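> Please find one structure pasted underneath; my questions will follow.
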Amino acid sequence: MATNTFAPGLDATQGKSIEPLPKGSTIAVIGAGAFGGWASLFLLRNLYKVILIDAWGPGNSRSSSGDETRVIRSTYGANEFYFDLNVRALQLWKEHEERWKKSLFINKGVLWMCYEAHTPLVDDSMPYAHKHKTEYLKLTNKELHDRFKILNTDDLSHAYLDPFGGCLNARVSCQAVHQAFIEEGGAYVQDYVQPGLINNGRLTELKLLNGNTIKADAYLFACGSWLGRLFPDVLSNFITCTKQEVYYFGVPHKEATLYEGFPVWIDADGKDFYYGIPGNSFRGFKIGVDKRGEAFDPTDGDRTINEQVLQDARKFITHRFPGLANSPLIENRVCPYENSPDGNFLFDHHPEAKNVFFLGGGSGHGFKHGPSLGELVMNCLKGTSKIPGHFLLK
Ligand SMILES: Cc1cc2nc3c(=O)[nH]c(=O)nc-3n(C[C@H](O)[C@H](O)[C@H](O)COP(=O)(O)OP(=O)(O)OC[C@H]3O[C@@H](n4cnc5c(N)ncnc54)[C@H](O)[C@@H]3O)c2cc1C
């Protein structure tokens, strides 16, 4: 759950137009995580033939999308582009959970805990919240203390409660998107892909580990943390992978409802950015560490936890939620962050092949944008939108 703010004033109209892909063209999408899954669905609905391929399955445990839950919030400091992208995403999440009769979005609200009177990460988003009529509720330190008895507010100035945010059932959502993709006529293959050779500015085929090949008119590589490995010449310095940890603590039985009912929370200290998702389909009180971990191999990397990172997280949670001082760690998970250099998403051509596109760089904050990004990708390939300038390879 990276709390990136990026540069303000990014303008999606300052982008790159691409030659539209004619309707009926075949597109191979590699990667069935939040980005590839949603992009496949939107492309399919817009009369493209889509073959989706994933090495280990949608929302698998190696992927970034494979955890129980992900935060959904519009707040991005002074960055209106991502605020708007999230507003559209939220609309699409709600439409689809209604359409599929599945619980994807849990509207728990998001509590931003602020240390200073002015917290740009939150305050600078206020004009956009106002524009979209999704205003936050400001809670003074006293109001915060009175309302949330389990919270230590001693070192906080105030908090904002964003009643429109919450969390998404992440792994379940990937599988729901995948199921819809199949039911709506998409084709799926489970195998590990190697890009074939680029000839005369075009990729001609994909090679699968089982020896088969797949030919398409265009190829969209939405391979999360693996992008840098698949295209080392172009992306090894652009998409880097780090080891990130989340912990699930057991809550005291007597106060379980206070903890389970607590909103999603983000500690806006400007340093470590601990955050948490209480509840989690009964998996425990989840705390995430947003600080970048060590470099990581998403295929074979060791997924046992780093004791120091756990100790630091426990220290923080004991301070912020004193009732959890002796709580048992009941589950933990290591997930890879697929970091771009500036935290912006990546969507662009391969510099040497006009029919190869990269989609990735979720950088610890991409999951929630899956549907709106998928829609944008479809519009760009159709030729009705430009690729936003800040998504391009630099
Ligand atoms: C700990 C953690 C917390 C996060 N918190 C949040 C949050 O709170 N809110 C939020 O919005 N975002 C959050 N994110 C970020 C978000 O989860 C990611 O940005 C998003 O899931 C990325 O999706 P993706 O589809 O690009 O990548 P992935 O989910 O990794 O999907 C890539 C897929 O490609 C497949 N693949 C890779 N290589 C190949 C190959 N060669 N052949 C075939 N298939 C291949 C993989 O199997 C995988 O399924 C968090 C991430 C982490 C790790």
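The values are calculated or read from the model by the stated rules, or taken from the named source; none is laboratory data. Nothing here was measured: the structure is a model prediction, and the numbers come from that model. All Cβ positions, even for glycine, are placed from backbone atoms using ideal geometry, and neighbour counts span all protein chains on display.
> Does ASN355 qualify as being modelled with pLDDT of 95 or more, in contact with a Gly (Cβ under 7 Å, 6 or more places away or on another chain) and under 23 Å from SER236 (Cβ atoms)?
Judged against the criteria, ASN355 is not a match.
> Further question on the same structure: Scan region 234-259 residue by residue and report those that are within 29 Å of ARG320 (Cα to Cα) and assigned to a strand (DSSP E or B).
THR242, LYS243, GLN244, GLU245, VAL246, TYR247, TYR248, PHE249
> Any idea which of (1) away from the ligand (no atom under 15 Å from the Cβ); (2) part of a helix (DSSP H, G or I); (3) among the small types (Gly, Ala, Ser); (4) closer than 26 Å to LEU111 by Cβ is the one SER173 doesn't satisfy?
(1)
> A further question on this structure: Give me a count of the residues in region 345-394 that are surrounded by fewer than 23 Cβ atoms within 10 Å (Cβ to Cβ) and either among the basic types (Lys, Arg) or touching a His at 6+ places or on another chain (Cβ under 6 Å) (or both).
5
> Please go through region 51-70 and pick out each residue that is near the ligand (Cβ under 6 Å from one of its atoms), among the aliphatic types (A, V, I, L, M) and either part of a loop (DSSP other than H, G, I, E, B) or in contact with a helix residue (DSSP H, G or I) (Cβ under 7 Å, 6 or more places away or on another chain) (or both).
Residue satisfying the conditions is ALA55 alone.
> Consider region 327-372. How many of its residues are more than 9 Å from the ligand (Cβ to nearest atom) and among the aromatic types (Phe, Trp, Tyr)?
Qualifying residue count for the region: 3.
> Considering only region 192-237, state which residues are out of contact with any Asp or Glu (no Cβ under 6 Å at 6 or more places or on another chain), at positive phi and in contact (Cβ under 8 Å) with a residue 24 or more places away in the chain.
Answer for region 192-237, where residues must be out of contact with any Asp or Glu (no Cβ under 6 Å at 6 or more places or on another chain), at positive phi and in contact (Cβ under 8 Å) with a residue 24 or more places away in the chain: just GLY201.
> Something else about it: Of the residues GLY66, GLY9, GLY24, which is modelled with pLDDT of 95 or more, surrounded by fewer than 17 Cβ atoms within 10 Å (Cβ to Cβ) and touching a strand residue (DSSP E or B) at 6+ places or on another chain (Cβ under 9 Å)? Outline the logic, then answer.
Numbers: GLY66 fails: surrounded by fewer than 17 Cβ atoms within 10 Å (Cβ to Cβ); GLY9 fails: modelled with pLDDT of 95 or more.
Every option except GLY24 fails the conditions.
> Confirm whether LYS142 is more than 16 Å from the ligand (Cβ to nearest atom), more than 17 Å from GLY59 (Cα to Cα) and not in a loop (DSSP other than H, G, I, E, B).
Values: more than 16 Å from the ligand (Cβ to nearest atom): yes; more than 17 Å from GLY59 (Cα to Cα): yes; not in a loop (DSSP other than H, G, I, E, B): yes.
So LYS142 passes the test.
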